[in-house]
1. Can you pull the semi-axes for the stretch B:14-64, root of five times each eigenvalue of the Cα gyration tensor, sorted largest first, whole Å?
2. Would you mind counting up the charge near A:Leu98? Only other residues with Cβ under 15 Å from its Cβ, with Lys and Arg at +1 and Asp and Glu at -1.
3. How high is the relative contact order of the stretch B:1-93, given as a whole-number percent (alpha carbon pairs under 8 Å, six or more residues apart)?
4. For chain A, modelled as a GNM with alpha-carbon contacts under 10 angstrom, which of A:Ala31, A:Ala121, A:Ala43 fluctuates the most?
5. Quick one: Karplus J couplings for the stretch A:94-109, per residue in order, coefficients 6.51, -1.76, 1.60, θ = phi - 60°, nearest Hz, x for Gly and Pro?
6. Each residue of the stretch B:109-119 in order: what ³J(HN,Hα) in whole Hz does its phi give by Karplus 6.51 cos²θ - 1.76 cosθ + 1.60, θ = phi - 60°, with x for Gly and Pro?
7. Which whole-number percent is the relative contact order of chain A (Cα, under 8 Å, 6+ apart)?
8. Let me check I have the definition right: for the stretch B:93-145, take the eigenvalues of the Cα gyration tensor, multiply each by 5, take square roots. What are those semi-axes in whole Å, largest first?
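Coordinate-derived values only; no laboratory data. What you see is a predicted model, and the numbers here were worked out from it, not measured in a lab. Heads up, the Cβs are rebuilt from the backbone with ideal geometry, glycines too, and the neighbour counts pull from every protein chain shown.
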Amino acid sequence: MHEFSPLTALVGGVLIGISASLLLWLNGKIAGVSGIARGVLWAQSWPDRQWRLLFLLGLILGGMVYVLLFPASVTPRQGYPLSLIVAAGLLVGFGTALSGGCTSGHGVCGLGRLSVRSLMATLTFLVAGIVTVYFIRNVVGVAA
Amino acid sequence: MKRHENFIALATGVLFGLGLGIAQMIDPNKIQNFLDVSGSWDASLMFVLGGAVVTTLVAFRYILRQSQPRFADTFHLPVPTQIDRKLILGAVIFGVGWGLAGYCPGPAFAALALGGWEPLVFLPAMALGFALHRWVAVEEKGAVMSA
């Protein structure tokens with residue numbers, strides 16, 4: 001059974017929104033994780049690389065704080081095909097680089113800036129994701 | 001000033017990661033259930049996106065009226081506004097990858113905290129995807145120049 005959890009979803013979403021707002025207000029940076037990660041690899045200067053690494057480290061630490069606060073609420077998935085994880089990583093990397101953003105950059109921040117470009121990207125990746133999950137669960141038959 | 005900026009980057013990262021945890025976006029199964037509208041649809045993630053976007057909509061209006069950020073010289077905002085083939089094709093490719101495994105970039109980092117193997121494979125593959133794009137983009141530029 002899959003649990004509908006609107007309250008924790010809303011609280012988590014607002015925290016994400018506050019984080020993105022603080023990063024923009026204080027540092028003038030957009031909290032787009034794909035762009036931040038990509039910049040680590042090709043940053044022009046050490047300070048530019050440094051803040052990106054710290055933000056990504058923060059993401060992991062934030063996940064750890066969650067695990068400490070709510071132990072055993074999420075456990076790693078078991079038995080998912082390795083090939084799908086590899087293919088997914090390649091596609092997510094290539095696709096976000098080509099379209100210039102992911103769920104956070106286009107979704108959370110782009111929509112917050114009322115960017116039509118980001119709205120189009122967000123609707124597109126949502127539809128592509130829906131079609132893909134339909135395909136792998138109902139046609140290929142990867143366990144839900 | 002640099003020290004402030006670094007601390008803020010770390011702190012906002014922690015807050016973002018905690019938000020992803022509380023919203024349970026670090027559970028790839030939940031992401032796939034959200035995308036599974038014809039099956040076991042779990043609409044929770046609409047509330048994640050909704051909560052985040054309402055917050056940024058309100059806050060960004062105020063923030064972008066300031067002449068500059070608190071601790072930096074300028075706002076670094078995306079320049080492109082055009083809706084082109086690259087935007088849509090890239091979003092399709094990203095969406096397919098998102099659905100295949102249930103990870104987008106942010107949750108893939110935060111999910112490292114759970115200690116499973118999936119993010120450890122996903123993240124290097126994603127970096128390879130970045131590199132592949134860079135290589136293709138450079139090739140394309142070269143082709144345009146020599147044309």
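1. Largest first, the stretch B:14-64 gives 25, 14, 6 Å.
2. Net charge in that neighbourhood comes out at +3.
3. Taking the mean separation of contacting Cα pairs over the length of the stretch B:1-93, I get 21 percent.
4. A:Ala43
5. Along the stretch A:94-109, the couplings run 5, x, 5, 5, 5, 8, x, x, 10, 4, 7, x, 7, x, 5, 7 Hz.
6. Values, residue by residue: 5, 4, 5, 4, 5, 7, x, x, 7, 4, x Hz.
7. Relative CO of chain A lands at 24 percent.
8. Computed over the stretch B:93-145, the values are 28, 11, 7 Å.
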